Amino acid sequence: MLRRRSVLVSSVVVVGALVLPTSAATARPDPQARRAVAAPATAAPAAAAEVAEVAEVPEIAWGTCSVPDLQEYLDWLEEVTGEPAELPAGYECALFPVPLDHAEPDGPTLDLALVRRPADDPAARQGTIFFNPGGPGGSGFETVLFGGDFLLDPAVTAEYDLVGFDPRGIARSAGLDCATSLQQAGGYYPFMWPESREDMRVVQRANKAVDRDCRDDQALRDSMSTTDVADDLELMRQAVGDEQLNFFGVSYGSYVGAVYANRYPQHAGAIVVDAVIDPVAWATGRDGDRRPVAARVGSDVGAQQTLEEFFRLCEESGPDLCAFAGDSRTRFAALHATLQADPVVLAEEGFEPFVIDHQLLTAITLGSLYSSFGWSFLAEDLVLLELLASGPPLPEEPEGPGEPGADALGRLRALAAEVVVPDYVGSLAQTTGVMCADGVQPRRAAAWEAAADSSAGYFGPAWAWTDGPCAAWDVDTTGVYRGPFDRTTATPLLVMNTTFDPATPYAGALALHADMPGSRLVTVEGWGHATIGLSLCAEAVRTAYFLTRQVPAQDVTCQQDLPVFVELEEPGPGDGPGEEPGEEDGTLVDPQSRARVQAAEATLDPALAALVRQRETVMQHVGRPAGAGAPVG
């Protein structure tokens, strides 16, 4: 029987295995007594910090990128796109040693994997922008390696080096390698979230097993907090010779930026945080909130609000553009109830059978809400699920607009595979290692059960159980920074968010903006995870901020330029394996991404079509979930 993916698996795709050489860290002794996952929320806040003095911060030894383990991925990419796939020319890679424990700068070290896209105009070079794509567990190395040409406006990359890095314990930076594969995760949690007393007993046993299986890496586990990542960034700032750190963080990456800015406010340069996590909610909880971290940040509320917008805009667009129009809210509720009571088992010849139930419906819907320009696809997928749930076999050919034929099962199978059996998955252990160290966490699985029961809408359980292993995760949190998050920085922060984000709700951006003196808020009145590639107005503000290192005179409100529902043509050249791709489509590994770009180029003016290509190219590596198990980023 095919195991379904646990919600506890990282959402961010991490391609390939750890192959860059890493320093062997000498393990510290296991603790004599069990430590609490988090210090009490009443603990005195940490002061602004300096990294314990290192005798000499080494220069970064940039060289030609050689990443042998990505060859399998490149071969697959070539097969999918029909275009030769190579690592981008001109990029440079390096390993940068940092102390395993920043309190012991002369102790064991580990190597961080870095990739640099050099500035296009060296004579005008201002410095370096470091990038974190979220997760926790996302690979900044791979995001910049494959999306660096699209991440920022060319005016910015003309004057700045762009550096992506895998945070410590993630992917190529000594990635925590216990419980990393989907198969292992499925062995721990054979469901997306528990729904019965027996399920809860499975969760309790699984949490203990995950903790036990990762104890061989206790030294690394004790050094994976965002505080450690911020301290690494401080050393990287010094290594590149910048007086201040310039940083772009998306989703969980916004927390990295907030921690750095408050630990090193005098060294804060141009720091952009997009799709913002409320750092107080993540670290300690606001107003006495003692729920688990994932529940405190309000992703369940953001996701439900975004789904309600899908229903509203679908009805306004009508069936010609939204195939699910016609009392879509009621239809979705009925579909959810049907699949919960009577799941569908797809057993096609030549394919392993899989179960479509209400949990998979939730996963597919949540993933699709991340990119609103793709909501026309979500509407078609929901129609397909309705047909499957109703019992009759699909017709070989569509019977009318919005009516999928049997060939539509291919797309559904691909969507399910992203949730159930992705070829490349993030790490359960790596995500757990960060989330359990960063914030004050309960110590009983019942706390997660209660959070799921009290959460909002369809998505509450999926989000609430994201950090479930923290109930048993043993980690030393001494020195972890948990606030305050209200320091005056040398350069004010630029805070960006959409009004309807299914992962990092707008409230998080409002909270950080209110706390950080001098910060400016860029609101994109629109839908989806992160503002990247949604608004020309927002892109212009971000570009000006990096070029001038000055925030706007006042907060800025922008509109989403991209329409939500558009007429989608039948797949064309470049949409399938071995077919001739459209121009530049080799950068797009996802058939739906390619189809969205083709729809944009057919229906939008060139400037907006370029926005779609930017977003699709970047977001396939940034924070785009593989299912309901998405961690916050």
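For the stretch 449-542, the fraction of 1.4 Å probe accessible surface lying on carbon and sulfur atoms is 56 percent. If the chain linking Ala553 and Asp153 were pulled fully straight, counting 0.36 nm for each residue of separation and taking away their Cα-Cα distance, it would gain 141.9 nm. Once divided by 2.2 N^0.38 Å, the Cα radius of gyration of the stretch 236-332 becomes 1.59.
Remark: the Glu79-Val344 segment gains 92.3 nm on full extension, using 0.36 nm per residue and subtracting the alpha carbon distance. Between Arg201 and Arg286, the distance separating the two model label sites (each 7 Å from Cα on the Cα→Cβ line) works out to 4.1 nm. For the pair Ala334 and Thr603, the difference between a 0.36 nm per residue extended length and the Cα-Cα distance amounts to 93.5 nm.
Of the listed residues Tyr506, Tyr160, the order by accessible area with a 1.4 Å probe, largest first, is Tyr506, Tyr160.
For the stretch 163-249, the direction-averaged projected area of the alpha-carbon convex hull comes to 7.4 nm².
Sequentially through the stretch 437-451, phi angles give Karplus couplings (6.51, -1.76, 1.60; θ = phi - 60°) of 8, 6, x, 5, 10, x, 10, 10, 4, 4, 5, 6, 4, 5, 5 Hz, Gly and Pro residues having no value and appearing as x. Applying the Karplus relation 6.51 cos²θ - 1.76 cosθ + 1.60 with θ = phi - 60° to the stretch 258-275 yields 3J(HN,Hα) values of 5, 5, 4, 4, 8, 7, 10, x, 6, 9, 7, x, 6, 10, 9, 10, 10, 6 Hz, where x marks Gly and Pro. For the stretch 475-551, rounded, prolate or oblate, judged on the Cα gyration tensor with a ≥ b ≥ c (square roots of eigenvalues), a/c < 1.5 rounded, else prolate if a/b > b/c? In terms of gyration-tensor shape, oblate.
At 1.4 Å probe size, with the rest of the protein present, what percent of the exposed accessible area of the stretch 270-342 is carbon and sulfur atoms? Summing carbon and sulfur atoms, their accessible area is 48 percent of the total for the stretch 270-342.
Karplus-derived 3J(HN,Hα) values for the stretch 58-67, using 6.51 cos²θ - 1.76 cosθ + 1.60 with θ = phi - 60°, are x, 5, 7, 8, 5, x, 4, 6, 9, 10 Hz; glycine and proline are entered as x. A Cα-only calculation for the stretch 442-498 places Rg and Dmax at 16.6, 43 Å. The protection proxy used here, the mean number of other Cβ atoms lying within 10 Å of each residue, ranks peptides 523-535, 215-227 as follows, highest first: 523-535, 215-227.
The values are calculated or read from the model by the stated rules, or taken from the named source; none is laboratory data. Computed from a predicted structure; not experimentally measured. Note: ideal-geometry Cβ built from the backbone for every residue, glycine included; neighbour counts use all protein chains shown. Accessible surface is based on the protein model in full, side chains and every heavy atom, while ligands, DNA and RNA are left aside. Shrake-Rupley method; radii C 1.70, N 1.55, O 1.52, S 1.80 Å.
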